[in-house]
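First the structure, in the form of structure tokens, and then the observations on it.
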Amino acid sequence: MTATTTNTPTTGGTTHEELAAWVAEVAALTTPDRVVWIDGSREEWDRLTEELVEAGTFVKLDKKENSFWAASDPNDVARVEDRTYICSKTQEGAGPTNNWMDPDEMKSTMTDLYRGCMKGRTMYVIPFVMGHLEADVPMYGVEITDSAYVVCSMRIMARIGSEVLAQMERETAGYVKCLHSVGAPIAEGEQDVPWPCSTTKYIVHFPEERTIWSFGSGYGGNALLGKKCYALRIASAMAHDEGWMAEHMLILKLTNPEGKVHYIVAAFPSACGKTNLAMIEPTIPGWKAEMIGDDIAWMRFRDGQLYAVNPENGLFGVAPGTGHPTNENAMHAIEKGNSIFTNVARTPDGDIWWEGMTNELPEQLIDWHGEQWTKADGEAGKLAAHPNSRFCTPIVQCPVTAPEFEDPNGVPISAILFGGRRKTTVPLVTQARDWDHGTFIGSTVSSETTAAAAGAVGVVRRDPMAMLPFVGYNAGDYLQHWVNLGKEHAGNMPAVFLVNWFRRDADGGFAWPGFAENSRVLKWIVERLEGGGDAVETPIGLIPAEGALDTEGLDATPEQIEVASRFDADEWRAELPLIDEWLAKFGDKLPQELADELEGLKQRLS
Ligand code: OXD
Ligand code: MN
């Protein structure tokens, strides 16, 4: 794009010359009818939500204050990983797990797509910061978008608006350029649709330039560019260069009955219960859990210790499976309103519903397609909400949000948990022997796929550190970065654990009750951190010794607990070729330390 100015009618503006020039350049290319600088105020939210109601994108919910329902185009319901690119300067920079295209070629293709793409629309400019404005290094971004739905969602998910812009102006700050268009210009006389999008979709990252270009989708991680695109893909590249970590992890504060606090982070692939774990209500007496983050952790070393902050300001949770029986805290957060619900079902009296919200099916609903749905439909297996439907809610509304959420310096981390959704093989909990072993465990995390990404559901795929779709550079270099940090900060790295709540028993049911009962596993983990918690060595790491897990009052038979938590050498021997095949993908980028770990595992299992 060449720098040009534009005569497009504009509300707002900036003294940040470089930013002003970029905005003018984008406006000249995309030719919107008007440009609006977003101030982040309540008045602005009211105006935009009203406009979205008028446009048919939003339905105002009578039963939830200041809350709205939206349904996307049925072809725009999830992150599109096959359309997501890391356009590093070289293909090797993107590595074996990312789509790549030459950046110049991609820019040329997308510049053609962007030309005139905002015709008939408003172009919004959203100044935002991921993390805190008061951080030592504030992590600025500016998203240009032609979607008011994106503006409203970003106002929940990030800290946005005038205050951010004013600070950027004072500092003449650098920022991540995030360009988004739904890719649906409105021709003269043409009527807009409630959910504009395009059949051509590109979610593109230029990691060296810290730039994001997204086209064609209005949904979630494809469009709210502060989240996956910036806080994970671009931030992971920054973190690699600058010696920190940007991870797909929740942040949890645990307080034991003696009042001792531990902060842990946990990485799970999308839609594996991260939000539920982040808001867990322990079932064991005297224990307290509070949330600092539910999806992303940025971790930096301070005084030799690893500290985590949550760069986000909102929850963008998978709705189905979040409900009164499983996550009362999320329901309380939602109850307070100020939320956007996308692709969930509506009740006739203006509330929302999704599978798993209640044990009982409602009598009557309007499903996410806007069609009538009855209890009989539900009993016949017809879903009322899309499996990847979402609630978008301010994080501070959650009753278990810890005060430390507001601390720009974050919290010191004592343990990292990895998890996935596995019917077999992976025990309830395993502790890694040391950092390299923990990195090896993280690099081989596997899970059955879910609806969070487009594609088949239920297929086992490797998802290193739950970052497969989110590493913004060569995943071999990413693993090496983990290994290197362990060497650089030897003795100060968190302990690493692998968990699996999803193992099945002989009847095919879940062997472990999961949800709040996972607090029993957290208790053992904290005991291990404090030098207690009996464990036995196995070839895959340390697992709880018999009787070491607190199972008092647990509604599970001893056989089920055994099935959930046992190490099975045969299952692991069957797993080895799969791990072999996975790590072979990295070729000579596979860190030697991880190759050695694999060799060690093979020997211990032989
Ligand atoms: C998410 C995801 O939206 O991981 O958090 O897909
Ligand atoms: Mn996620």
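Quick notes
- Hits in the range 191-239 - residues which are within 13 Å of ligand 1 (Cβ to nearest atom) and of a type in the set (Ser, Thr, Tyr): TYR219
- In a residue-by-residue description of the range 59-69, the property of being open to solvent by 20 Å² or more (accessible area, probe 1.4 Å) and either within 30 Å of GLU169 (Cα to Cα) or among the β-branched types (Val, Ile, Thr) (or both) applies to at least one position.
- Single match in GLU281, GLU312 (criterion: touching a residue at least 60 places away in the same chain (Cβ under 8 Å), out of contact with any Pro (no Cβ under 7 Å at 6 or more places or on another chain), of a type in the set (D, E, K, R) and within 16 Å of ligand 1 (Cβ to nearest atom)): GLU312
- Checking the stated criteria, ASP534 turns out to be at pLDDT 95 or above, away from ligand 2 (no atom under 16 Å from the Cβ), farther than 23 Å from ALA297 by Cα and open to solvent by 40 Å² or more (accessible area, probe 1.4 Å).
- When ASP136, ASP112 are screened for being of a type in the set (Asp, Glu) and either closer than 20 Å to TRP22 by Cβ or crowded, with 23+ Cβ neighbours inside 10 Å (or both), only ASP112 passes.
- Check on TYR124, in a strand (DSSP E or B), in contact with a Phe, Trp or Tyr (Cβ under 6 Å, 6 or more places away or on another chain) and not aliphatic (A, V, I, L, M): no
- Applying the criterion of being within 13 Å of ligand 2 (Cβ to nearest atom) and not hydrophobic (A, V, I, L, M, F, W, C) to the residues of the range 227-237, the residue that is surrounded by the most Cβ atoms within 10 Å (Cβ to Cβ) is ARG233.
- Failed item, numbered, when PHE515 is tested on (1) touching a strand residue (DSSP E or B) at 6+ places or on another chain (Cβ under 9 Å); (2) modelled with pLDDT under 95: (1)
- In this structure, ARG155 does not satisfy being on the phi < 0 side of the Ramachandran plot, among the basic types (Lys, Arg) and either part of a loop (DSSP other than H, G, I, E, B) or over 22 Å from the mean Cα position of the chain (by Cα) (or both).
- Listed conditions (1) open to solvent by 10 Å² or more (accessible area, probe 1.4 Å); (2) under 14 Å from THR84 (Cα atoms); (3) in a loop (DSSP other than H, G, I, E, B) are all met by GLY183, apart from (2).
- Given (1) closer than 21 Å to THR275 by Cβ; (2) within 16 Å of ligand 1 (Cβ to nearest atom); (3) open to solvent by less than 60 Å² (accessible area, probe 1.4 Å), number of the condition ALA454 does not satisfy: (3)
- When restricted to residues that are within 16 Å of ligand 2 (Cβ to nearest atom), open to solvent by less than 10 Å² (accessible area, probe 1.4 Å) and not small (Gly, Ala, Ser), the range 468-489 contains 2.
- Members of the range 358-414 that are closer than 30 Å to TRP298 by Cα and open to solvent by 50 Å² or more (accessible area, probe 1.4 Å): PRO387, VAL396, PRO399, PRO403, GLU406, ASP407, ASN409
- Residues of the range 345-388 satisfying the condition of being touching a Phe, Trp or Tyr at 6+ places or on another chain (Cβ under 6 Å) and within 20 Å of ASN276 (Cα to Cα): ILE352, ALA385, HIS386
- Within the set GLY304, GLY356, GLY350, GLY323, the sole residue that is touching a helix residue (DSSP H, G or I) at 6+ places or on another chain (Cβ under 7 Å) and farther than 22 Å from ILE525 by Cα turns out to be GLY323.
- Of all the criteria given as (1) more than 22 Å from the chain's Cα centre (by Cα); (2) open to solvent by less than 10 Å² (accessible area, probe 1.4 Å); (3) within 30 Å of GLN191 (Cβ to Cβ), the one not satisfied by ALA78 is (1).
- Subset of the range 238-277 [part of a helix (DSSP H, G or I), in contact with a helix residue (DSSP H, G or I) (Cβ under 7 Å, 6 or more places away or on another chain) and open to solvent by 10 Å² or more (accessible area, probe 1.4 Å)]: HIS240, THR275, ASN276
- Checking ARG121 against (1) within 16 Å of ligand 1 (Cβ to nearest atom); (2) among the basic types (Lys, Arg); (3) crowded, with 23+ Cβ neighbours inside 10 Å, the condition it does not meet: (1)
- Every pair of residues 6+ apart whose Cβ atoms lie under 9 Å, when the first sits in the range 52-78 and is over 19 Å from ASP349 (Cβ atoms) and among the acidic types (Asp, Glu) while the second is away from ligand 2 (no atom under 16 Å from the Cβ) and open to solvent by 60 Å² or more (accessible area, probe 1.4 Å): ASP73/VAL193; ASP73/PRO194
- Answer residue from the range 505-524, given it is in a loop (DSSP other than H, G, I, E, B) and of a type in the set (Asp, Glu) and is most open to solvent (accessible area, probe 1.4 Å) among those: ASP507
- Within the range 187-223, the set of residues being more than 20 Å from ASN98 (Cα to Cα) and either within 16 Å of ligand 2 (Cβ to nearest atom) or part of a strand (DSSP E or B) (or both) comprises just one member, TYR219.
The values are calculated or read from the model by the stated rules, or taken from the named source; none is laboratory data. Everything numeric here is computed off the predicted structure, so don't read it as measured data. Neighbour counts run over all protein chains shown; Cβ positions are idealised from the backbone, glycine included. Heads up: the accessible areas ignore ligands, DNA and RNA and are worked out on the full protein's heavy atoms, side chains in. Shrake-Rupley method; radii C 1.70, N 1.55, O 1.52, S 1.80 Å.
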